[in-house]
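Throughout, read-outs are computed from the coordinates displayed, never taken from laboratory work. Source: prediction; values computed, not measured. Glycine gets a Cβ as well: all are built from the backbone with ideal geometry, and neighbour counts include every protein chain shown.
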Amino acid sequence: MDLQLNSKTAFISGSTQGIGFAIARLLLLEGATVIINGRTAERVADAVNRLTQEMPEAKVSGIAADFAHVAQVQALVDALPEIDILVNNVGLFELKEFADIQDEDWYRLFEVNVLSGIRLARVLLPKMLARNWGRVLFISSESAVHIPANMIHYGMTKTAMLSISRGLAELTKNTGVTVNSILGGPTYSEGVADAVQHLAGAQNRPVEEVKSNLMQALNPTSLLQRFLEPAELASLVAYLASPLSLATNGAALRADGGILTTIL
């Protein structure tokens, strides 16, 4: 299927690895021009190099910015060209019991996970509306609905994404602009892989066994019964970023492997 992305330019926050990197790769394969982002120039340069090695003709560049620092975000926004597709993917998470989550922890996760998308959309969405075409996507999580007891502050940020996404969609009536969010499931990104390998080494058990048992223990309602691969979530993002998806707007779509058991 031709997703008609050849003339589109995308910016993806937090895209030097994991889900963001997979999204960048797929959009490039579909012919889009892609700007990636990471916290340091070294990480960005490495990711750009990996993509251009695989796809020598890829139109890819990068801008370093740490979304925990407002000045860096402003510099990033100032450096962006005209953007057709905004993917708000950057995010922090940590395991912490509720009583141990301090005020600064709540602020830190909200700053990066929520305000990052707000600050980008505040600048880029009006320009999309003026051109009558654009796509804004928030990479949320099934944790926005099924709040983890040991990551309540993380779940809160992912729920906030759903509200912001739906609210922004209300601004797009009768236009060619859409705003949607994706409730992703547990994904086998580099960070998760490192944690699983460490656990397997500590328990002297095969990585695949630990990986399978961990998924089933933590997410017994999963219909997929395994971690998602980043490319599987990226496939939904690519469709929603395309001109073919105009009828999908203001939606929270699931790519959670069937973890969530409610109909809505």
Legend entry - Whole-number D in µm²/s for region 188-227 (Stokes-Einstein; Kirkwood sum over Cα pairs; 20 °C, 1.002 mPa s): 209 µm²/s
Legend entry - Size descriptor, Kirkwood hydrodynamic radius, that averages inverse alpha-carbon separations across region 20-98, Å: 13.6 Å
Inset, instruction - Would you mind checking which residues have amide H under 5 Å from residue 141's amide H? H placed 1.01 Å from N; only 5 or more apart, or other chain. - result: 184
Inset, instruction - Putting +1 on Lys and Arg Cβ atoms and -1 on Asp and Glu Cβ atoms, find which of 69, 137, 215 reaches farthest to the positive end of the dipole of the chain. - result: 137
Legend entry - Convex hull volume per residue for region 69-113, taking Cα atoms only, in Å³: 71 Å³
Legend entry - Considering only region 64-194, percent of DSSP beta bridges that pair antiparallel, nearest 5: 0 percent
Legend entry - Distance histogram for region 198-264 (every C-alpha pair counted, 10 angstrom bins, percent rounded to whole numbers): 17, 35, 29, 14, 5, 0
Inset, instruction - Evaluate the chain: find the radius of gyration of its Cα atoms, find its Kirkwood radius, and give the ratio Rg to Rh. - result: 0.96
Inset, instruction - Report the residue, chosen from 66, 105, 78, that carries the largest GNM mean-square fluctuation when the chain is represented by alpha-carbon nodes joined by springs under 10 Å. - result: 78
Legend entry - Gaussian network model of the chain, springs between alpha carbon atoms under 10 Å - residue of 22, 79, 47 with greatest fluctuation: 79
Legend entry - 222 nm mean residue ellipticity, helices alone, for the chain (DSSP H n ≥ 4; -39,500 (n - 2.57); rounded to 500): -14500 deg cm²/dmol
Legend entry - Label zone at residue 68 (point 7 Å along Cα-to-Cβ), backbone N below 19 Å, region 82-96: 89-96
Inset, instruction - Treat each spin label as a single point 7 Å out from the Cα along the C-beta direction, and report the residue 212 to residue 6 distance in nm. - result: 4.5 nm
Legend entry - Using θ = phi - 60° and Karplus 6.51 cos²θ - 1.76 cosθ + 1.60, couplings along region 173-187 (whole Hz; Gly, Pro as x): 3, 6, 10, x, 9, 10, 10, 9, 10, 10, 8, x, x, x, 10
Inset, instruction - Just report the Cα centroid separation between region 58-88 and region 195-247, whole Å. - result: 27 Å
Inset, instruction - State to the nearest 20 debye the size of the charge dipole of the chain about its Cα centre, where the only charges are +1 on K and R beta carbons and -1 on D and E beta carbons. - result: 680 debye
Inset, instruction - List the residues whose amide H sits under 5 Å from the amide H of residue 62, counting only those 5 or more places along or on another chain, with H placed 1.01 Å from N in the peptide plane. - result: 36
Inset, instruction - Collect residues whose amide H, placed 1.01 Å from N in the peptide plane, falls under 5 Å from the amide H of residue 177; neighbours closer than 5 in sequence don't count. - result: 134
